Amino acid sequence: MSTPRWICKTCGWIYDESKGDPDSGLAPGTRFEDIPEDWSCPLCGVTKADFITLEEYAAQRGASSGPKNRPPRAKGQVGGEDAVVIVGSGIAGWTVAERLRARDPERAITLICADDGCVYPKPALSMAIGQGRSADDLVEKSGTDKAAELGVTLQANTRVMGIKPADKRLMTAKGNVKYGQLVLALGASQRRRVFAGEAADDILRVNDLASYRKMRERLESGAQHVTLIGAGLIGVEFAEDLHAGGHRVTLLDLGEQLLGRLAPPPVATRLLDALKPQGIDFRPGVSLAALDREGGAYRATLTDGATLATNLVISAMGLVPNIELAKKAGLMVNRGIHADPADMRSSDPHIFAVGDCAEVDGRSYFYIEPIKRQAEAVAAAICGECAPFERKPTSIRVKTPSLALNLCPPDLSVADMGHWVLERENAAACRMAFMVHGRSSGFALSGTEAASAAELYDTVCRNAMAV
Amino acid sequence: MTAVTQTMNTTPSAVLEGELLFNSIRDIVRDKLAPLTVKIDQGYYPTDVLRALGEAGALRQHLASQNGRGEYDLQAALKAMDIVSQQCMSTGFMMWAQDVVGWYVEMSDNEYLKQTILPKLASGEALGGTALSNPMKYLAGIEPLLVSATETEDGFILNGTLPWVSNLGPDHWFGSIFKVGGDNPRDVMALVNTSWDGMALKQLAKFCGMEGTGTYALVFKDVFVPKIHVLGDPLIPYLKKMKAGFILLQTGMATGVIESCIQLCEEVEPKLGHVNAYLDDRPDELREELEDAREAIAGLCETPFNLDPDYQRTVLEARLLGGELVLKAANSAMLHTGANGYLHDAPAQRKLREAYFVAIVTPATKHLRKEIDAMAAA
């Protein structure tokens, strides 16, 4: 582009010496001063005298009244240098939007999500069959309605492909988006493991409404046999809910008991005793090895060599925070995205992490209550206030209708320092406490004892603060 | 430059070699292609340009067995396509078709084809098309497979019709996926020649542009395909292996057109910047998006055989982004150049039509979104 160029002041046609104007008989390379005077602009017909060099032209324009800055754009634009951009439309993402809007009615907020942005209660995914609710029944509000209610610009069905923290912009499949502050509410995914067999790709992982809908579609044709890989919280809840829907369930887990480290063995045994009469077939110490097609169904080969005929395999081996985006962007990550409990800020001052994807002091919080408090911390920080995220013990009500179960596993800082004590039990109930130096630091309650969870939780919290 | 290497030797001389290649492509574009751009848009098939590009090495960069470096240098293949597409995306599209036919053979285990036909495809001596539009839509659950086959002892007999296959002509090669009936029903892919007995090319309705791309309906009437021409059987593992490369290789068309659209916007900046400032998607913003996209694509080109679902999804997203950005850039080129862009032979309006092609050609924007959506629920 270094060859001399002249521009027609009237129409803007550019004469480039290297190209000439062959249609008017000017060969490429013809110098401007060698052009005959009777030559005219091929576009508008004015003469050579109406041409000036591009540099002169630019200088004239520079001195004119043209705006030096880009004019402001319309409201409702996606992102922007002054906007808070939230990535993710799960409970974490929408709660941040709600809390921000509550604090600041004017702030530009954009929410970008890979799905349609609809609002639904995620914990319901493991009890909807028993409640007779379809995937659509779970939707409380469409993304569009929620965005309108909060005055948020929603960019749905758009996945974020990359973050450029230095330039404060995101790359999405629909183009770049600028941000002032970025909130990552990326969630977590069910752990993926590679299984052998031609049908291994058919294994479902259910962790959002889209995958849940797919599971329900697969179950539509009537009573089926379902194999669940993983007997943790999600595994046992799904097992019971699927049974409630008339399906037969085999539950596999490499560990020796239900609920893994969340529950002490006596409580896990009580749950197993409650599930057995329902025909839920629990196979401890066993996982899936391979999945192949057979007839219209599958043949699952297990790690102990046994095989079983099954119609659907669901993997529930635990949640893994979605950190890839943050990692690629150079943010500090461990298991989750590192976030400071003071304000849930990541290692970049303009980026926050909240919910399943975040990690605070080495801990992930996959439950609603702490996630809402994290959202509050983010909203406060963005508005220049302070509402630190307080680390509290986690209390879990397990959604297994056959046995009421409330669990408060010990925090990892004390997990190796204490032991479970059986405080009370009878045929219908069991109460265990995790004791550290004579103080209760966790509990596991089943049956009628589950009702005392709130009271015990207060004690555990007080003790935790005392430590 | 990034590339998947078998030996990992991106030495300074390899970089220099790359620059020589790109300079000779620029020469071909200036001397041979540029004078034909409008004619190609209207219907002229530029055999000589494609042959010259092949001779220069533009069509073998992604083929480790053919480029002399033993590396799958998708990036170099894309850069070549980008340079050509800046001038004429029809030709860039045919480069993709040609690149992909070579990719089919390179990814197969068929030593016979690798010895006989692949070197000719890599050098441009033999030309060919992809013919996978229908099979790709079949695999995404959008269309049924349109070619069926009966198996014989040493081959298959094919019948059916494939609409809209590009870069075809007499004695051109293409990859065909067909549904085999009989005792061992399955889908198989093979390399087929347009001049074989029973093959016919049927001229279709006229398109609004890109008419010189050798696009025809392929009609199969009892076409015998010898088993020695089979590329993939079993098909699915073969397709999985080559899919990311197949899709990534398309992105050079998009980046080339986006680049040239930005240049069109920039060229009128001295005259119209004062009023173009009121437009959305200004050249500096588009440039930023283009560079981000190029960087992301370059990263993906490093591991074309990664079967991880996240990687595969990102490849689809990169292709989707190409389709979205190119429309935005072409729209911007029209708005920035104004009436001058609307002239009969103006580049801006041609690029607008080219941009729609990027978003429509398989995998089209809607097809990509469907696939990405299906992956989200997995």
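At-a-glance table
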quantity	calculated
For residue A:317, distant residues with modelled amide H under 5 Å away	A:191
Mean separation of Cα contacts under 8 Å (6+ apart) over length of segment B:4-127, as relative contact order %	29
Shielding of A:6-14 by partner chains, average beta-carbon count, 10 Å	3
For A:31, A:439, order by how many other beta-carbon atoms lie within 10 Å, fewest first	A:31, A:439
In Hz, Karplus ³J(HN,Hα) per residue of segment A:435-441 (6.51, -1.76, 1.60; θ = phi - 60°; x = Gly, Pro)	9, 10, 6, x, 10, 6, 10
Relative intensity, log₁₀ I(q)/I(0), of segment B:133-235 from a Debye sum that treats every alpha carbon as a point, q = 0.09, 0.16 Å⁻¹	-0.22, -0.67
Relative contact order computed over chain B (Cα-Cα under 8 Å; 6+ residues apart), in percent	17
Descending semi-axes in whole angstrom, ellipsoid equivalent of segment A:393-436, from the Cα gyration tensor	21, 15, 5
Order of B:197, A:116, B:82, B:280 - criterion: other Cβ atoms within 10 Å of each residue's Cβ, fewest first	B:197, B:280, A:116, B:82
Pair residue A:426, residue A:191: separation of 7 Å Cα→Cβ label points (nm)	3.9
Isotropic mean projected area of the C-alpha convex hull, the protein assembly as shown (nm²)	40.8
Shielding by partners - mean other protein chain Cβ count within 10 Å, residues of B:257-267	1
Extent along principal axes [Cα atoms of chain B; Å; largest to smallest]	72, 49, 47
For segment B:250-376: span of alpha carbons on each principal axis (Å, largest first)	49, 24, 21
Percent RCO, i.e. relative contact order, over segment A:5-63, from Cα pairs under 8 Å lying at least 6 residues apart	35
Acute angle (nearest 10 degrees) that the helix A:453-466 long axis makes with the longest principal axis of chain A, alpha-carbon atoms	70
For A:167-175, mean number of other protein chain Cβ atoms within 10 Å	6
Those lysines that a straight Cα-Cα span of less than 30 Å connects to residue B:227, excepting residues fewer than 8 apart in one chain	B:114, B:120, B:137, B:179, B:202, B:240, B:241, B:243
Residues A:356, A:82 arranged by fewest to most Cβ contacts within 10 Å	A:82, A:356
Cα-Cα separations in segment B:4-127 greater than 26 Å, expressed as whole percent	19
Structure-based [θ]222 nm, the protein assembly as shown - -39500 (n - 2.57) summed over DSSP H runs of at least 4, per residue, nearest 500	-11000 deg cm²/dmol
22 Å Cα-Cα reach of residue A:276 towards lysines, excluding residues that sit fewer than 8 places from it in its own chain	A:399
Note, ³J(HN,Hα) from phi for segment B:278-284, Karplus 6.51, -1.76, 1.60, rounded to Hz, x at Gly and Pro	7, 8, 7, 6, 6, x, 5
Per-residue ³J(HN,Hα) for segment A:162-173, Karplus 6.51 cos²θ - 1.76 cosθ + 1.60, θ = phi - 60°, Hz, x for Gly and Pro	x, 10, 10, x, 5, 9, 6, 8, 10, 10, 10, 5
Computed Rg/Rh of chain A, alpha carbon atoms with Kirkwood Rh	1.18
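Every read-out reported here was derived from the displayed coordinates using simple, explicitly stated rules and does not represent laboratory data. As the structure is a computational prediction, the values presented were derived from the model and not from experiment. Cβ atoms come from the backbone with ideal geometry, glycine included; neighbour counts cover every protein chain shown.
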